[in-house]
């Protein structure tokens, strides 16, 4: 039985390698941080080289923070390794309730419910709330977890062109296909029982921020709910790091926020839905990834609680991240790179050619800078890039070293403008 499938997979794998979109894995032999030791495939026995890490979601540099590690160890000792159960049977501890209260307050929402990941949270949020007579109106570049969550729902689906909030339908120059704006989708879905607008707060490939003020205006005009996945914003976007809702000034206007604990908030795993009280209560009764998945590990809960305490007491880390991001963006622009404009620590260095992106990532590794080339299907064909991610854990010297390495490799490969 496996013979035919084996041949087909071998052919497809060969094609992936040939087109330059193969995704290898570099093995890290240290804890996550601004500086790591990484190995290339086949060179594991050499123990790896020390490099500056510019491709982790470790935005606040907390992935190996001693205080978070101590809090996780304390929770491990006092609460155990795992609950071996789902929440409603015998899997809820007092620290789970404490974290739900803390994250709801941090995100400015009534209540929160924990999940093993934000992928699970996005897989849970749509199906209980939206039936055949409801509509989900989703940005075309939303994260895969939102797309998969929507597929699990029976709700009707409208897709609006990325960031286009207008009452229009026209040909998308990138795809050649008809594309609609958000307001057109809202008008076309009028008459349905319920509409929900779903968007990333920050879009992970480009680092651009959703226009939440205008989205909320349209939602209020057309009586729609608003759901935001703020995974790439929680902890550092906005004046006190609460997320894109704070950055965009829409406190109290977002109905549902999903986010992760696996990026800025320590980088382990876990996620949540934070929302209106009744929505969260209904999720406890109906959300399948909550009802049929193991409870979040106590050590992660303890570490995340400590992280929220740290971020609530000081904005030092988000301020440092903001300064590092500004310096890196200014330096890359001055050097002549084609980067997507913005203020987010995700900095896409646009190369457009898949093989070039992979070559540049390898050359930068040789200069001591660890980055990854992003190619199809992670990004659209012809939109290959290196996605740099700046961290508060980077020193000024780290930023300058990265800028120098990019400039050197950029000249060698002829990619500077």
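Tabulated results
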item	result
Filter result for the condition that a residue is in a loop (DSSP other than H, G, I, E, B) and either over 29 Å from residue 393 (Cβ atoms) or in contact (Cβ under 8 Å) with a residue 40 or more places away in the chain (or both), over 328, 236	236
Any chance residue 334 is without any contact (Cβ under 8 Å) to a residue 24 or more places away in the chain, surrounded by fewer than 20 Cβ atoms within 10 Å (Cβ to Cβ) and not assigned by TED's automatic domain parsing to the domain that holds residue 241	yes
Selected residue [at pLDDT below 95 and either outside the structural domain of residue 320 (by TED's automatic domain parsing) or within 18 Å of residue 60 (Cα to Cα) (or both)] from 237, 205, 196	205
Odd one out for residue 385, checked against (1) surrounded by fewer than 23 Cβ atoms within 10 Å (Cβ to Cβ); (2) closer than 15 Å to residue 416 by Cα	(1)
Candidates 415, 379 - the one that is crowded, with 16+ Cβ neighbours inside 10 Å, in contact with a strand residue (DSSP E or B) (Cβ under 7 Å, 6 or more places away or on another chain) and touching a residue at least 24 places away in the same chain (Cβ under 8 Å)	379
Condition broken by residue 254, with the remaining ones in (1) surrounded by fewer than 18 Cβ atoms within 10 Å (Cβ to Cβ); (2) in a loop (DSSP other than H, G, I, E, B) satisfied	(1)
Residue among 38, 31, 15, 45 that alone is over 30 Å from residue 317 (Cα atoms), in the same structural domain as residue 406 (by TED's automatic domain parsing) and either modelled with pLDDT of 85 or more or not in a loop (DSSP other than H, G, I, E, B) (or both)	45
Test: residue 305 is touching a strand residue (DSSP E or B) at 6+ places or on another chain (Cβ under 6 Å), assigned by TED's automatic domain parsing to the domain that holds residue 79, within 24 Å of residue 120 (Cβ to Cβ) and not in a strand (DSSP E or B)	no
The one condition in (1) at pLDDT 95 or above; (2) in a helix (DSSP H, G or I); (3) out of contact with any helix residue (DSSP H, G or I) (no Cβ under 9 Å at 6 or more places or on another chain) that residue 311 fails to fulfil	(3)
Odd one out for residue 19, checked against (1) touching a helix residue (DSSP H, G or I) at 6+ places or on another chain (Cβ under 7 Å); (2) closer than 30 Å to residue 283 by Cα	(2)
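Each row is one residue, and each column tells you yes or no for (1) assigned to a strand (DSSP E or B); (2) more than 22 Å from the chain's Cα centre (by Cα); (3) farther than 26 Å from residue 202 by Cβ.
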| site | (1), (2), (3) |
| --- | --- |
| 347 | yes, no, no |
| 363 | no, yes, yes |
| 379 | no, no, no |
| 388 | yes, no, no |
| 391 | no, no, no |
| 394 | no, no, no |
| 411 | no, yes, yes |
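The values are calculated or read from the model by the stated rules, or taken from the named source; none is laboratory data. Nothing here was measured: the structure is a model prediction, and the numbers come from that model. All Cβ positions, glycine included, derive from the backbone under ideal geometry; neighbour counts span all protein chains shown.
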